[in-house]
Amino acid sequence: MVGGSYRVFTDSDVVEASLRGRLKQSGNRQIVVGDTVTLERQPDGAVTIESRLERRSELRRRTPGRSRGTRMVAANVDRIFVVGSAKQPDWDDHLIDRFLAVAEVNHIPPVIVITKADLDPNASALGAIYEKIGYEVLVTSIPQNQSVDDVRARAVGLVSLFTGSTGVGKSSLLNAIEPGLALRTGAVSKKAGMGRHTTVAAEMFNLTGGGFVVDTPGLRDVGLWALEPAEVVAAFPEILRLAVACRFDDCRHLREPDCAVIEASERGEVAASRLRSYRRFLEEAQIAGRR
């Protein structure tokens, strides 16, 4: 959407459309990237969005700042590509865990993509803990054309959303899987070791061969969103599977006796980084709940 105008993909072309008055007045009928809508051409030639069809999925995140509530990011997403770079900026498993949590809680299957493998000969090792959990991990390099076709194959025919922190190379990856997009890319700041924002709003593009990709703005951090503490465990499938074996039904996997999750972590069956992320997310949810 730009200035109240929406870019809408039809069976034959792309049209610019605006909202009908009744939709503007209906807060629960908000139109976001990925929505399926009905159109009507007015006598003056203008195209208007008349209605929004039911969504098969919604991707939400917490409203930034201290305000309560959630914000819609995209609708009807079939797959989320969680993108992290091996170097420049360095791989951050805690941020990857946050993006995976967003996918899990929104019930959208994720694929982890490690970019810039040409900068780190051990890049494939970064995804080992996630492959053990059951996530698919693709290790890519744009200069070496490594696994770019694999990413494309998993996106064709679906509505796929690409997300990750600033500077990890999402736009470069999208330019590689769909030549001709010419998305703007940016260099990584040498001083801060972080990327500069090049995508400023979520945008959708159609793929040759069918389907769509959604490019989201680079994020330096991702907050949790209106989760109850008891729901945080659902964002960690390996912890959720073990939790049923804990002595206490309400076990938080912190210091409780006979906690199956803690015991599995001590045996190396749950990655220490994942348990740290879980506990940090739980603390954030508890603080948000007290507010």
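A Stokes-Einstein calculation at 37 °C with viscosity 0.692 mPa s, built on the Kirkwood radius of the range 100-154 over Cα pairs, returns a diffusion coefficient of 274 µm²/s. Using θ = phi - 60° in the Karplus curve 6.51 cos²θ - 1.76 cosθ + 1.60, the 3J(HN,Hα) couplings for the range 112-121 round to 8, 10, 9, 9, 6, 5, 5, 8, 8, x Hz; x is entered for Gly and Pro. Around the amide H of GLN146, modelled in the peptide plane, lie the amide H atoms of SER141, all under 5 Å away and 5 or more residues distant in sequence or on another chain.
Between LEU158 and PHE212, the built amide H atoms are under 5 Å apart, and every one of these is 5 or more places off in sequence or on another chain.
Measuring between their Cα centroids, the range 248-291 and the range 88-129 lie 21 Å from each other. Measuring only protein heavy atoms, the 1.4 Å probe finds LEU240 accessible over about 80 Å².
The figure for LYS116 is an accessible area of roughly 50 square angstrom, using a 1.4 Å probe on the protein chains alone.
Placing +1 on the Cβ of every Lys and Arg and -1 on the Cβ of every Asp and Glu, with nothing else charged, gives the range 230-291 a dipole about its Cα centre of roughly 280 debye.
Placing ASP13, ASP93, ASP35 in order of accessible area, with the largest value first and a 1.4 Å probe, yields ASP13, ASP93, ASP35. Among the protein heavy atoms of the range 35-134, carbon and sulfur supply 48% of the accessible surface, probe 1.4 Å, non-protein parts ignored. Per residue, the range 46-148 exposes 44 Å² of accessible surface when a 1.4 Å probe is rolled over the protein heavy atoms with every protein chain present.
The values are calculated or read from the model by the stated rules, or taken from the named source; none is laboratory data. Everything quoted here is computed from the prediction, not taken from an experiment. Counting neighbours? That spans all protein chains shown, and the Cβs are built from the backbone with ideal geometry, glycine included. Just the protein is used for accessible areas: all its heavy atoms, side chains included, with ligands, DNA and RNA removed. Shrake-Rupley method; radii C 1.70, N 1.55, O 1.52, S 1.80 Å.
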